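No value in this document is a laboratory result; all are computed from the given coordinates. As the structure is a computational prediction, the values presented were derived from the model and not from experiment. Every residue, glycine among them, receives a Cβ derived from its backbone with ideal geometry; neighbour counts consider all protein chains shown.
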Amino acid sequence: MNEPGIQSLMDQETLDRRVRTDEAPEWVADHWHSFREGLLGERNGTSFPCFFGAESVRDGEPLYTAVPSMSDADALLTLRDRLLEYLEVYEDHSERASLVTFFKPPAEPLSEREYHDALWHVLQTLHCHDPEPWPADIPTDPDDPYWEFCLGGEPMFPTCRAPFYDRRKSRYCPIGLEITFQPRALFESLDVTADTEAGQRARDVIQDRLEEYDGVCPHADIGDWGVDGDREWPQYMLSSDEEQAPSTCPITITRTHPKPAARLP
């Protein structure tokens, strides 16, 4: 961890130092400033809705990496390696250590549809080059309420910020795509899963703060893992314009391992 280069796995102190000393490219610095201000600042007199996330940034707990392309195979395979490294170390780093990934912004602005396409290309590539089989207890059908994205044998929740959220500011990043990966084990250790009373209370508070912060009703797709009628995949990148968002999950999951036939160029 904290090896030279923007594609290394960095703790928050290292990322901040590299930004302050101009060791990081301008786009990484822009991402870091936007992310920090978004989680630690206020909007409509309300702090960032997810108090667990805001507290973790305040206390310097997340881990970070930067990805110089949303499509280049080498960049995405390096992201896979950083994710696998993160899964090995995050529990020893902090109980709230999510992995925040900053993607280099495109040369020209993208539409919402193109950002959805980029997210699912990233996740599909990670899956196709996963060194571990898909977990036996996680369905492969994204339309199953118990489906969620997995890598390295670990179920996780990737959530995005992007430039097209002009109204839903809790998901807004003016720079480009950001994906925060949080293993399900992290939610379980914090007792914030939907199947516990404490977890449901925490989620109710977050929902109330979300409406105040965004100034709009919480998105209809926000739900809980394993709850009948709720689905994980639309929550990764909530739609702003339903016509530009996928109507079915654009990822193909296979238990076949290894997956040589599915590998992407």
inquiry  = Between the stretch 138-160 and the stretch 235-253, how far is it from one alpha carbon centroid to the other, in angstrom?
reply    = 15 Å
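Kirkwood hydrodynamic radius of the stretch 7-131 from all distinct Cα pairs, in Å?
On the way: mean 1/r = 0.0639 Å⁻¹.
The answer is 15.7 Å.
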message = With just the Cα atoms defining each centre, how far is the stretch 172-189 from the stretch 60-76? Give it in Å.
response = 13 Å
message = Restricting the calculation to Cα positions, tell me the Rg (one decimal) and the Dmax (whole number) of the stretch 152-192 in Å.
response = 12.9, 36
inquiry  = Can you compute the radius of gyration and Dmax for the stretch 11-51, using only the Cα atoms, both in Å?
reply    = 12.0, 35
ask   = Tell me, what is the Rg over Rh of the stretch 63-117, with Rh the Kirkwood radius over Cα pairs?
value = 1.06
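Filter the GluC sites (Glu not before Pro) in the stretch 1-87 to those in DSSP coil with at most 15 other Cβ atoms within 10 Å of their Cβ, and list the result. Working shown, then result.
Values: sites: GLU13, GLU23, GLU26, GLU37, GLU42, GLU55, GLU85; in loops: GLU23.
Hits after loop and neighbour filter: GLU23.
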Amide N proximity, the stretch 11-46 versus ALA54 label position 7 Å along Cα-to-Cβ, cut-off under 16 Å = 35-46
